[in-house]
1. So who's got an amide H within less than 5 Å of the one on VAL106, skipping anything under 5 residues away but keeping other chains? H placed 1.01 Å off N, in plane.
2. Quick one: if you stick a label point 7 Å off each Cα along the C-beta vector at TYR13 and GLU290, how many nm between them?
3. Express as a percent, rounded to the nearest 5, the fraction of DSSP beta bridges in the range 59-205 (both residues included) that run antiparallel.
4. Quick one: putting +1 on the C-beta of Lys and Arg, -1 on the C-beta of Asp and Glu, what dipole do you get for the range 128-178 around its Cα centre, in Debye to the nearest 20?
5. Please report the relative contact order for the range 47-92, taking Cα pairs under 8 Å with a sequence separation of at least 6, and give it as a percent rounded to a whole number.
6. Residues in the range 8-30 near a label at THR58, defined as backbone nitrogen under 12 Å from the 7 Å Cα→Cβ point?
7. Hey, quick one: spin label on ARG34, modelled 7 Å out along Cα-Cβ, who in the range 181-203 has an amide N within reach, i.e. under 17 Å?
8. What distance in nm separates the two pseudo spin-label positions at ASP77 and GLU161, each 7 Å out from Cα along the beta-carbon direction?
Amino acid sequence: MFLESLGADASVYNAFQPYAARGLVLARVATSQRDHYRLFTAAGEVAAEASGALWYRTPDRAGMPVTGDWVAARVEDSYGIVEAVLPRKTVFSRRAAGRRDEEQPVAANIDLVFLVCGLDGDFNLRRLERYLTLAAQAGAQAVVVLNKTDLCPDVETRTAETSAVARGAPIVATTTTTSGGVDKLREFLAYGRTVALLGSSGVGKSAIVNCLLGEWRLPTNEVRASDSRGRHTTTRRELIPLAGGGAVIDTPGMRELQLWAGEDSVDRTFDDIAEFASRCRFRDCSHSGENGCEVAGAVADGMVSAERWKSYRKLIAEARRHEEKSDRLVAAEGKKRDKATERAIRALYRHKGL
């Protein structure tokens, strides 16, 4: 029953069935650090690493195990070798930091995301829009958590500002100094449900997890008074079982959050702007002030803020670049396969003397 409490359902067991016939064990990745893993199995926890065959079969690092993955592992002498990663139901990914144009999965098989924002000097609606877009891309439901209400003189105003951005996502205001509001977060927990906490360093993710666990299990640290930025107290992504079933995933803060999402995900986050855009006179309208542009009119009339409009244009441009690069990569891979097939056919003809 332990794996069921972590979310193992019929789809997981069906995907695992071929590996069970080979004597492998179903497990869920609790932590992933530098190609070393800690797995939850029905029999307990084991340390593990990936098999050479898995490295060979996996086209890129994005397909290797991450926290939250369901895997098939060979366990001997209390040590595991991960042989396969089962299909992911959801995966929260970002573009890798720096210049690399690579997907970097943060956590997999998430049912719900707590997007944690600090109500101190680090409060940033534009960053929240990025998190909401990535949550939409992942296919996970989002809950916005406004933490540190004890440091905010006007929580109602901040909540109203957040509501205009969250577009219907639930908003919960909390403080971990007195656990105020954290009980409201418990309402989103459930047997078999996995909740991931995402947000910048210092917003209080680990402190919220400690409150949900009912014990001070994860280390926390103070933020800088000058800019309310936190230090990376949490250094790894960790899946933690809850006493009543289900699990939470604590994650390190992400200072750089580049999109790994398509235009549809941006439009779902900015559904108000997407609705105005659908009414434009021309289908190829750039929404830059053309005659009859519904979006420009909505901005001029104050129905859409200039800041939100600027954020939308920035994110949609990033999403388009991402989709264009993805299309080029797919085309390049297709050409490689075609050339490889052509070489194989030629080699076969030469072998037969044709």
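1. Placed amide hydrogens put PHE92, SER93, ARG94 under 5 Å from VAL106.
2. 5.5 nm
3. Approximately 45 percent, going by the DSSP bridge assignments.
4. Using Cβ point charges on Lys, Arg, Asp and Glu, the range 128-178 gives about 180 debye.
5. Dividing the mean separation by the residue count of the range 47-92 yields 42 percent.
6. Answer for the range 8-30: 29.
7. Answer for the range 181-203: none.
8. Each label point is offset 7 Å from its Cα along the Cβ direction, giving 5.9 nm.
Taken together, the values in this text are just the output of simple stated rules run on the coordinates, not laboratory data. Bear in mind that the values here come from a model prediction, so they are computed numbers and not experimental data. Heads up, the Cβs are rebuilt from the backbone with ideal geometry, glycines too, and the neighbour counts pull from every protein chain shown.
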